[in-house]
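The values are calculated or read from the model by the stated rules, or taken from the named source; none is laboratory data. Being a predicted model, the structure only gives us computed values, none of them experimental. Neighbour counts are summed over all protein chains in view; Cβ atoms, including those assigned to glycine, are modelled from backbone coordinates with ideal geometry. Each accessible area value is taken on the protein alone, full model and side chains, heavy atoms only, with ligands, DNA and RNA left out. Shrake-Rupley method; radii C 1.70, N 1.55, O 1.52, S 1.80 Å.
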Amino acid sequence: MRLKYTLLCALVFLTAFQTPAANWPAWRGPLGTGLSDEKNLPIQWNTTENVKWRVPLPEPGNSTPVVWNDRIFVTQPVGNRRTLFCFNRADGKALWQSGLTSAEKEPTHGANPYCSGSPVTDGERVIVSYASDGLVSYDFGGKELWRRADLGRQIHIWGAGPSPVIYGDLCFLNFGPGETTYLLAVEKKTGKTVWKQDEATGYQHPKEGGQGDPAKTYIGSWSTPVIMPVEGKDQLLMSWPKRLAAYDPKSGREIWTCSGLNPLAYTSPIYADGIAVAMGGFGGTTIAVRAGGSGDVTESRRLWQHSKTKQRIGSGVIHDGYIYIHNDPGVAECYELKTGKLVWEERLKGGGPSGVNWSSIMLADGNCYTITQGGDCFVFKASPKFELLSVNSLGEPSNSSIVPSNRELFIRTHQALWCIAQKNENGR
């Protein structure tokens, strides 16, 4: 009976996120985990080899493309405009762009352009977050369906970054970081608020021309929430400053919380085998917890904690009992999921001017894919024995993540959108 129940829960969970294999509908894929079931993706490429097309973009941007059938969607700043671009995946031709003029310029970090949140789609609509300028839904022709411009001001010294998430009839958004921070659920068809959970992070924006108090300034969460099946039910995981929390996705009720993170959370939670992992940034902490229970589960369910780690901007993946992460300083690491034991660490070196990495790992067919700020794309085995498969330089900086779809890769750099495809014997 227990086996039948487990299989039934898994079937319900997968059905909720059912999407054609070739689609990559959200920042980290259908489940928000960075995992793809794609096979035979390209391993080798450069600026000419295995390039199907390259389309210039008007300005730098950090968001990751999403793909649905023959459409590719990318959020893009254009001057004081916040826009969504739609491209034809066959040839990269721009089909349309829609957007709005920003009401008021926000502060941000020089390495974090506006529109850093990635789009999300369910095949009928595309929903994007423009931070203080609102949460907006478009149809596949670029027509605005609804707009929430009443969410407040999202002000932080380092700017915005979280991406919206679609789950069933709902859309979730981490509206933060900043003095106004909350987790929001709206109806995906109308934008109407279903529930809202405020999070008091303690952030205080420095006064103009003044210095901020580090304890009140270097704090915030850029994490995008993730849905995890826990004890037969779906739970919404969210990394906040100093803690990992789980919510009922339908009501917003907080179910459990586990402390142990530092005040800055850049990555999204990852999970496997009933274990959730949250990683802090800025030389911060990492925690692993047996997901479940209720209330404060720090003492009862936290499995391990790393008190100080390398700076982490991009999120990792879990595969066959191991965690893989490519850190900001350019060092890739492998850890045992259950114990947190470090298995290996290797500095990934390419020909680009910088090895700094903000890219989140995408894993497909047992291989990990990332791209650095120096424009070097690394492919290495997801294995407890390190094996670097290739270093592929595009010569253009990127803070985006690599997208797999139908045996092709889509890569957004600061200059262009690339389609990488393995050529067959006929050169096509």
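Based on the Cβ-Cβ distance from Ala111 to Asp150, what FRET efficiency comes out when R0 is 35 Å, to the nearest 0.05? Mind showing how you got there, number by number?
Numbers: r = 30 Å, r/R0 = 0.85.
The computed FRET efficiency comes out at 0.75.
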Reduced to Cα centres, the span from the range 69-111 to the range 243-259 in Å works out to 32 Å
The range 14-170: spread of alpha-carbon positions along the three principal axes, whole Å, largest first, is 45, 39, 28
The percentage of Cα-Cα pairs in the range 270-410 separated by more than 26 Å is 24 percent
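Inverting the mean 1/r over all pairs of different Cα atoms, compute the Kirkwood radius of the range 165-226 and quote it in Å. Before the final figure, lay out each step's value.
Working: mean 1/r = 0.0769 Å⁻¹.
It is 13.0 Å.
For Lys308 and Lys143, FRET efficiency with R0 = 51 Å and r from the beta-carbon atoms, rounded to 0.05? Write down the numbers at each step before the final one.
Values: r = 49 Å, r/R0 = 0.96.
According to the calculation, E is roughly 0.55.
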The value for the range 138-291 (convex hull of the alpha-carbon atoms, volume per residue, Å³) is 124 Å³
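So, with a 1.4 angstrom probe, what is the percent of accessible area on the chain that is carbon and sulfur? Mind showing how you got there, number by number?
Working: 8620 of 17400 Å².
Heavy-atom surface of the chain belonging to carbon and sulfur, 1.4 Å probe: 50 percent.
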Rounded to one decimal in Å, the inverse mean reciprocal Cα-Cα distance for the range 53-146, i.e. its Kirkwood radius, is 13.4 Å
As straight-line cross-link partners of Lys250, the qualifying lysines (C-alpha separation under 21 Å, not fewer than 8 residues apart within one chain) are Lys188, Lys189, Lys192, Lys196, Lys233
The value for the range 232-308 (convex hull of the alpha-carbon atoms, volume per residue, Å³) is 81 Å³
Extend 7 Å from the Cα of Lys385 along its Cα-to-C-beta direction; within the range 329-370, residues with backbone N under 15 Å of that point are 344
Unit-weight point scatterers at every alpha-carbon of the range 332-395, Debye formula, q = 0.14 1/Å: log10 I(q)/I(0) is -0.40
Cα-based Debye curve of the chain sampled at q = 0.09, 0.10, 0.11 Å⁻¹ gives log₁₀ I(q)/I(0) of -0.51, -0.63, -0.78
Per the charge dipole of the range 306-421 (beta-carbon charges, Lys/Arg positive, Asp/Glu negative, Cα centre), the residue among Ala416, Leu342, Phe378 reaching farthest to the positive end is Leu342
Here, Asn80 and Ser294, labelled 7 Å along Cα→Cβ, have an inter-label distance in nm of 5.2 nm
For Lys39, counting only lysines whose alpha-carbon sits under 29 Å away and dropping same-chain residues fewer than eight positions off, the answer is Lys52, Lys93, Lys338, Lys349, Lys381, Lys385, Lys423
Rounded to the nearest 0.05, FRET efficiency between Lys233 and Ala22 (Cβ-Cβ, R0 41 Å) equals 0.90
Cα-based Rg/(2.2 N^0.38 Å) for the range 378-428, rounded to two decimals, is 1.33
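Give the value in nm², to one decimal: projected area of the alpha carbon convex hull of the range 220-273, averaged over all directions.
Working: hull surface 14.8 nm².
Result: 3.7 nm².
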Note to self: with every protein chain in place and a 1.4 Å probe, the chain gives an accessible area per residue in Å² of 41 Å²
The Rg/Rh figure for the range 89-220, Cα atoms and Kirkwood Rh, to two decimals is 1.00
A correct Stokes-Einstein calculation for the range 18-79, using the alpha-carbon Kirkwood radius, 10 °C and 1.306 mPa s, returns a whole-number D in µm² s⁻¹ of 115 µm²/s
